Every structure is written in structure tokens, then in C-alpha cells.
Amino acid sequence: MTARGFLLYALSFLLLVACNLAGGFIAAALHLPVPGTVLGILILLVGLAAYGRVPQPIRRMAEFLLYHLNLFYIPAGVGVMAYAALVRQDLLPIVAALIGGTCLALVAGALAFHWTAKLTGNAPDDRP
């Protein structure tokens, strides 16, 4: 990689970080109930839409970060391990919440799909 290519990738990464920081600053300054990262992504989206395309260095940097996304889970795993005793103490409520929440989400999704299908006239025929 040439020095110019490295500089373009560094600037692309800096742009992504700047959008993230700007979103965090806006969310904190305005006391918004939206995570700063979401606002940062919206800032980046608006900027790229105004530019009309995604420049190649930004595209390559984003693809690199997405390819290595599993590395971003390491801090979360370390955090869970730091609280292993607390997780062990409250394991039953955690498992109950996970199973109950999953079941409720499945039922809500199925009902929403069923009601939407009825409203749009795409409901399957219930007759055998």
C-alpha cells in the first residue's frame, strides 16, 4: 500500500469516527433519547446522499470494519465475564426473561403478520 492509499484509509476512518463523535455530542447536548451512534450514522448518510455516491476509500474502510465486526464483540464478552458472579446469581431471571421475551416477540410477530395479511387481503385460505 502506498503512503497516499494509507492516508486515504486513515482519513476515511477519521470521517467515520468524526460522524460517530458528532452524533454522540448532539445526542448529549440536546438530551435526545437516541443513541449518538445512530445520529452519527444519519449524519454520514446525509453527507453521502448529498455527495451522491460512496467514495471508494470510505467503501473499503466500511467493508474492512464489517468483515472484522466480530472483534467488536470482545469488549462485550469481557464485560460479561467481569460480572460473571452477578450473572451466576441472577441466572434464572435472565434465562426466564430471554425465553419469555423471545416467545412474546414470536407471538407478536405472528399476530402482526396475520393481521397485516388479513388487512391486505393476502391471508391464506384456512379451508383444508
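The values are calculated or read from the model by the stated rules, or taken from the named source; none is laboratory data. Please read these numbers as outputs of a predicted model, since none were measured by experiment. Using ideal geometry, Cβ is built from the backbone for each residue, glycine included, and neighbour counts are taken over all protein chains shown. Quick note on the areas: whole protein, heavy atoms, side chains included, nothing else; ligands and nucleic acids left out. Shrake-Rupley method; radii C 1.70, N 1.55, O 1.52, S 1.80 Å.
What the Cα convex hull of the chain gives, in volume per residue, is 254 Å³.
One decimal place: the segment H31-V95 gains 19.7 nm when fully extended, by the rule 0.36 nm per residue minus the C-alpha distance.
Counting only whole DSSP H helices of the chain, the ones at least 15 Å long by C-alpha along their axis and with mean Kyte-Doolittle hydropathy no lower than 1.0 are 3-29, 36-51, 91-120. Remark: the chain carries 82 Å² of accessible area per residue (probe radius 1.4 Å; ligands, DNA and RNA excluded).
By accessible area, using a 1.4 Å probe on protein heavy atoms only, the chain has 75% of its surface on carbon and sulfur.
The stretch between A3 and A123, if pulled fully straight at 0.36 nm per residue, gains 37.2 nm over its current Cα-Cα span.
Using R0 = 35 Å, the C-beta based FRET efficiency linking C103 and Y67 works out to 0.55. In a DSSP loop and with at most 16 other Cβ atoms within 10 Å, the trypsin sites (Lys or Arg not before Pro) in region 32-106 are R53.
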